[in-house]
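The values are calculated or read from the model by the stated rules, or taken from the named source; none is laboratory data. Worth saying up front: this structure is predicted, and the values here are computed from it rather than measured. Glycine gets a Cβ as well: all are built from the backbone with ideal geometry, and neighbour counts include every protein chain shown.
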Amino acid sequence: MTAAAVEPTLYGGPIAEDRKVKRVSPLDLFAAKQRGDRWPMLTAYDYSTASLLDSAGIPVLLVGDSAANVVYGYDTTLPVTVDELIPLVRGVARGARRALVVADLPFGSYQASPAQALDTASRFLKESGAHAVKLEGGRRVVPQVETLVDAGVPVMAHLGLTPQSVHAMGGYKVQGRGGDGERLVADAKALEAAGVFSIVLEVVPAELAARVTTATSVPTIGIGAGPDCDAQVLVWQDMAAFRAPGGRAPKFVKAYASLGEGLREAAAAFAEEVRSGAYPAAEHSYS
Ligand code: KIV
């Protein structure tokens, strides 16, 4: 294989420290769909993790409102606020040299009106350095999407299991079965017409996600939505099995590492060496 053949398209592979990099843009994601190239997206919530994921070649980093769960320890995503998310996005935007950084608009920060959505998105772009925003919902958020897109804000949509509507959905269940599938396809087409640059499809039947993927020209990003989406996203802690003791991962998660266990073992080893006096040794001390 020649160097050109392994040169990045969208999934760039590891980024050398000294390499100049161009920021991934929504246009790159459209082009990838046209080429039939799939790409990965991960969540990130801090500078160090964002730097690592970016240097591993992940082209899109989402500061999800899942921060409510994995950073703040809430049961649902509902309580997290714009003020709690902005500092996290700031860290991620500083850590990501190449990745497009998408900030999730939390519950209650955009539903009231297009003007509210623009105020919130403006805060994320101005105060945190996000490059794009994500919001949940179908046709009911089209006015918000149109206003943001008119203002030059790239918008990622989110359909299927939309955790901000957990109480209305009666829990975290597969969405889009039966007649609901038609509604979801119509929502996706309306969002595409409104100008979104991508659509997250969460926990929907694989056949439905495949239908949306062929029915729209914008990339679909699956999470529990089968193999036919243009991209796949996971919460990074799920992807690396880094979770609080007793936490369980949904069926669609595949863990590519055991960082939780690794951290627990490291902490136990540190504690043991502090107790025994083995740490710090001479090489960790100053004369
Ligand atoms: O908040 C989040 O992390 C998300 C992803 C799971 C898509 O919305």
Number of the condition not met by Ala99 [criteria: (1) out of contact with any Pro (no Cβ under 8 Å at 6 or more places or on another chain); (2) within 16 Å of the ligand (Cβ to nearest atom); (3) among the hydrophobic types (A, V, I, L, M, F, W, C)]: (1)
Search result, residues across the range 82-117 that are part of a helix (DSSP H, G or I) and surrounded by fewer than 16 Cβ atoms within 10 Å (Cβ to Cβ): Asp83, Pro87, Arg94, Ala115
In the range 55-73, residue nearest to Glu17 (Cα to Cα) [restricted to those that are over 13 Å from the mean Cα position of the chain (by Cα) and more than 12 Å from the ligand (Cβ to nearest atom)]: Ser55
Qualifying residue in the range 235-251 (condition: more than 15 Å from the ligand (Cβ to nearest atom), closer than 21 Å to Ser25 by Cα and either at pLDDT 95 or above or not in a helix (DSSP H, G or I) (or both)): no
The one condition in (1) under 21 Å from the mean Cα position of the chain (by Cα); (2) within 16 Å of the ligand (Cβ to nearest atom) that Met169 fails to fulfil: (1)
Residue check for Thr120: touching a residue at least 12 places away in the same chain (Cβ under 8 Å), touching a Pro at 6+ places or on another chain (Cβ under 6 Å) and not in a loop (DSSP other than H, G, I, E, B): no
Matching entry among Ala267, Ala278 (being over 20 Å from Ile58 (Cα atoms) and either assigned by TED's automatic domain parsing to the domain that holds His158 or in a helix (DSSP H, G or I) (or both)): Ala267
Residues within the range 197-228 that are within 14 Å of the ligand (Cβ to nearest atom), part of a loop (DSSP other than H, G, I, E, B) and free of Cβ contacts under 8 Å to residues at least 60 places away in the same chain, tallied: 2
Which listed residue, of Gln164, Gln144, is among the polar types (S, T, N, Q), within 16 Å of the ligand (Cβ to nearest atom), in contact (Cβ under 8 Å) with a residue 24 or more places away in the chain and in the same structural domain as Pro219 (by TED's automatic domain parsing): Gln164
Scan of the range 38-52 for residues that are touching a Leu at 6+ places or on another chain (Cβ under 7 Å) and among the hydroxyl-bearing types (Ser, Thr, Tyr), ordered by number: Thr43, Tyr45
